[in-house]
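Input: a single structure, listed below in structure tokens.
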Amino acid sequence: MRLQDCLAPETISIRNVMILCLVVCGFGLGGLPQIASAQNLADGLTGAVTTQGDHTAPSLVQTKHALAAGAMVVTAHPLATQAGIDILSAGGRAADAAVAIQAVLTLVEPQSSGFGGGAFALHWSGDSLLLDSYDGRETAPRIAGGDLFLDATGQPLPFMQAVIGGRAVGTPGTLRLLEKLHQDHGQLAWADLLQPARDMAREGFRVSPRLHQSITAVAPSLRADPVAAEYFLDAGSRPWPVGHRLQNPAYADLLDLLMRDGVTAFYAGDIAQAIVDKVRDHPTNPGFLALEDLSRYQAIRRAPVCQAYRSYEVCGMGPPSSGGLTVAQILTMLEGFDLDHTGADASHRRHHLYAEAAKRAYADRARYTADGDLVPVPRQALMNRDYLQRRAASIDPMAASIGPAHAGDWPGKQLIQAVGGDATQKDTGTTHFIVVDHAGSIVSYTGSIESAFGARQMVHGILLNNQLTDFSFRPTADDGTLVANRVQPGKRPRSSMAPTIVFDSPSRPLLALGSPGGSRIINYVAMAIIHILDQGLPPGDA
């Protein structure tokens, strides 16, 4: 997608790009961390990781935020940051570095994302001045129906009962997304991008405090899977201590295969069969994934969702993610209010206005947003400025609204298929990273396996996702109408992931950001944009 040219296109100046990665550690819980900026390593190349838990690189120094004069890598782990830096230093582009980073994160941050899960990514080309979005969201098995998460009496299963096992495992999409991103925008050989993770898996890496804490939190469910127990627990019992050198030869073998035969080796043959067997043979909670689901899976390049906010253009991911639409709705509803107000009640007023706008946007999200390939999503109506201004007019600047917000109405709405509301709100195990290369190309990437450690099922050195629990457990609402985000064969569950790039002119990115955090991702991203653009806060403070 080319942003509308209001000014003559010009090559991006990295000096003018502010890069922010809101990596909220601890499975997306807690406040925004500061970012640690590495010393410049080569030609203005900068790496950054979060300060919460994974500092093992001696060159890291703590700062409030990170700015780069040449290129930048921002991830949740220093080993992933270093892999990205090495790829850029070898002449790779942002898309190349993204492949290497995700391959390393699959190893060193397995609780959050990986080849057994899915992802969304925005890519801005500094050469062609084009913005693309990539959908690597998991899909439901082709024999899954609306009763997937209902018990024998027709009632929704308890959430964790649905999570652990094979039932909630969707067709993994991460590798197909990375393959497509690399084919479209990469420069280095595919095998070279997986080499850092492959070597690390063979040689081992040190267990970080965060990984140790993450394993400890879910150790009982990991013990239930013999493969996961052997890998994450000492003698299948206690979590490996901080500093233990953890090797993953099964993942190294998988990477060797992917380096030699390409991504198709994951989606067909022995690897695919092993994944299917793991899902379908679970002793208490089997799933329905089939070889056909894997062989037919495709990542999709989609048009991003872009909406003007004051003098800026905010671009994000469209359906099946609700991130771009809901962030756009929140910002547009708040556009008529003075958010840089500096009076004594400024903070309270901002938070009140934000909460009211977010309530209304989330109500629309719950009713209307789902996989647009299978359910009509009224994108234009939801982003219509007149509609959103009417929604904003219902906000009382001095008093909170009572009770839950309701989804909005607009002229012609009766032409849209009636859908019931879905109140599903869940936590997640997710990661986000940013890459900017020397040519000005940017990748803003959010990857996930859903809950921490996904479905707690391990095969070939990777954890499988439980992303299907992002569907509504109930296929119909109380009034009998079908829920837009219900389970359907081949459907992608609604997501809150919100990789975002903000432009201050049609050809000049200003800000790249994203976050983990389940349904709260949207709030983290929208509030950070407000804090930076309206209040002028530096990224670390935002």
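Looking at the range 486-501, which of the residues that are of a type in the set (A, V, I, L, M, F, W, C) and either in contact with a Pro (Cβ under 6 Å, 6 or more places away or on another chain) or surrounded by fewer than 24 Cβ atoms within 10 Å (Cβ to Cβ) (or both) is nearest to F433 (Cα to Cα)?
I501
Being farther than 30 Å from R508 by Cα, surrounded by 24 or more Cβ atoms within 10 Å (Cβ to Cβ), in contact with a His (Cβ under 9 Å, 6 or more places away or on another chain) and touching a residue at least 12 places away in the same chain (Cβ under 8 Å) holds for only one residue in V108, V99, and it is V108. Of all the listed residues (R210, R202), the sole one being open to solvent by 10 Å² or more (accessible area, probe 1.4 Å), part of a helix (DSSP H, G or I) and at pLDDT 95 or above is R202.
Summed over the range 363-384, the residues that are open to solvent by 20 Å² or more (accessible area, probe 1.4 Å), assigned to a helix (DSSP H, G or I) and in contact with a Leu (Cβ under 9 Å, 6 or more places away or on another chain) give a count of 2. Exactly one residue out of A265, A308 is assigned to a strand (DSSP E or B), modelled with pLDDT of 95 or more and surrounded by fewer than 20 Cβ atoms within 10 Å (Cβ to Cβ), and it is A308. For the range 503-517, which positions are out of contact with any Pro (no Cβ under 7 Å at 6 or more places or on another chain) and surrounded by fewer than 24 Cβ atoms within 10 Å (Cβ to Cβ)? Correct list: D504, S505, P506, R508, L510, L511. Take the conditions (1) farther than 30 Å from L131 by Cα; (2) in contact (Cβ under 8 Å) with a residue 40 or more places away in the chain; (3) in contact with a helix residue (DSSP H, G or I) (Cβ under 9 Å, 6 or more places away or on another chain); L257 misses just one of them, which is (2). Restricting to the range 213-225, name every residue that is surrounded by 15 or more Cβ atoms within 10 Å (Cβ to Cβ) and among the polar types (S, T, N, Q). Scanning the range 213-225 gives Q213, S214, S221.
For Y368, the conditions (1) modelled with pLDDT under 95; (2) within 23 Å of L511 (Cβ to Cβ); (3) among the hydroxyl-bearing types (S, T, Y) all hold with the exception of (2).
If you go through the range 485-511 and keep only what is at pLDDT 95 or above and among the aliphatic types (A, V, I, L, M), you end up with V487, M497, A498, I501, V502. Put simply, of Q273, Q329 the only residue that is over 23 Å from Q183 (Cβ atoms), open to solvent by 30 Å² or more (accessible area, probe 1.4 Å), modelled with pLDDT of 95 or more and polar (S, T, N, Q) is Q273. Of everything in the range 236-250 that is assigned to a loop (DSSP other than H, G, I, E, B) and under 21 Å from V459 (Cβ atoms), the residue that is nearest to the chain's Cα centre (by Cα) is N248.
In the set (1) in contact with a Lys or Arg (Cβ under 9 Å, 6 or more places away or on another chain); (2) hydrophobic (A, V, I, L, M, F, W, C); (3) surrounded by fewer than 19 Cβ atoms within 10 Å (Cβ to Cβ), the condition left unmet by A303 is number (1).
Do the conditions hold for L258, that is, is it closer than 17 Å to Q102 by Cα, among the aliphatic types (A, V, I, L, M) and in a loop (DSSP other than H, G, I, E, B)?
So L258 fails the test.
When the strands (runs of 3 or more DSSP E) confined to the range 33-105 are screened for residues that are at pLDDT 50 or above, those reaching at least 3 such residues are found at 45-50, 71-74. The set of residues in the range 442-452 being farther than 15 Å from M497 by Cβ and either modelled with pLDDT under 95 or under 15 Å from the mean Cα position of the chain (by Cα) (or both) consists of A452 alone. For the range 344-360, the count of residues that are part of a loop (DSSP other than H, G, I, E, B) and either out of contact with any helix residue (DSSP H, G or I) (no Cβ under 6 Å at 6 or more places or on another chain) or surrounded by fewer than 24 Cβ atoms within 10 Å (Cβ to Cβ) (or both) is nonzero.
Restricting the range 123-139 to residues that are part of a loop (DSSP other than H, G, I, E, B) and either over 18 Å from H432 (Cβ atoms) or free of Cβ contacts under 8 Å to residues at least 24 places away in the same chain (or both), the residue that is nearest to the chain's Cα centre (by Cα) is S125.
Scanning the range 311-339 for residues that are of a type in the set (G, A, S) and in a strand (DSSP E or B) turns up G316, S321. Considering (1) touching a helix residue (DSSP H, G or I) at 6+ places or on another chain (Cβ under 9 Å); (2) at positive phi, the lone condition that V502 does not fulfil carries the number (2).
The values are calculated or read from the model by the stated rules, or taken from the named source; none is laboratory data. Predicted, not measured: the structure shown is a model, and the values here were computed from it. Counting neighbours? That spans all protein chains shown, and the Cβs are built from the backbone with ideal geometry, glycine included. Only protein heavy atoms, including side chains, enter the accessible area calculation; ligands, DNA and RNA are left aside. Shrake-Rupley method; radii C 1.70, N 1.55, O 1.52, S 1.80 Å.
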